[in-house]
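The values are calculated or read from the model by the stated rules, or taken from the named source; none is laboratory data. Note that the structure is predicted; figures quoted are calculated from it, not measured. Cβ placement follows ideal geometry from the backbone for every residue including glycine, while neighbour counts extend to all protein chains displayed.
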Amino acid sequence: MSNLAHQVQRNTNHVQNPQPKPQVVKRKLSRITKGEKVLWSIAGLMLIAASIFVISNYAEIYTVNKDIQVMEQKIDQHNKKVNDLELQKAELSEPLRIMNYAEDKLGMKFDDKNIKVVNN
């Protein structure tokens, strides 16, 4: 009987040639490809450029609107001056005032007999 606990090592003349294992090159799998990265970066740059364009347009519109409001205020001031001057002209060109000024300041007298009507 043979003892199962102890086995005699048998000498075999088998020479095992170690077979080279094919090296598996593990590539790091990324979820985003290079093409997608390029497309996303281009889209991001376009988004930034568009936002800068929009903001600069809004700033330009704001300055133009501000200039328009300033010009409207100046026009209103000039219109007020013109209206005041027209009122002053109307007051100064009243016939009664002109007659009083001519009599008091210039010493002229109104005489109905010396009035001549000229027709064109």
**Request:** Kindly establish whether ASP104 is surrounded by 10 or more Cβ atoms within 10 Å (Cβ to Cβ) and free of Cβ contacts under 8 Å to residues at least 24 places away in the same chain.
**Result:** no
**Prompt:** Of GLU94, GLU72, GLU86, GLU60, which residue is surrounded by 10 or more Cβ atoms within 10 Å (Cβ to Cβ) and modelled with pLDDT under 95?
**Reply:** GLU94
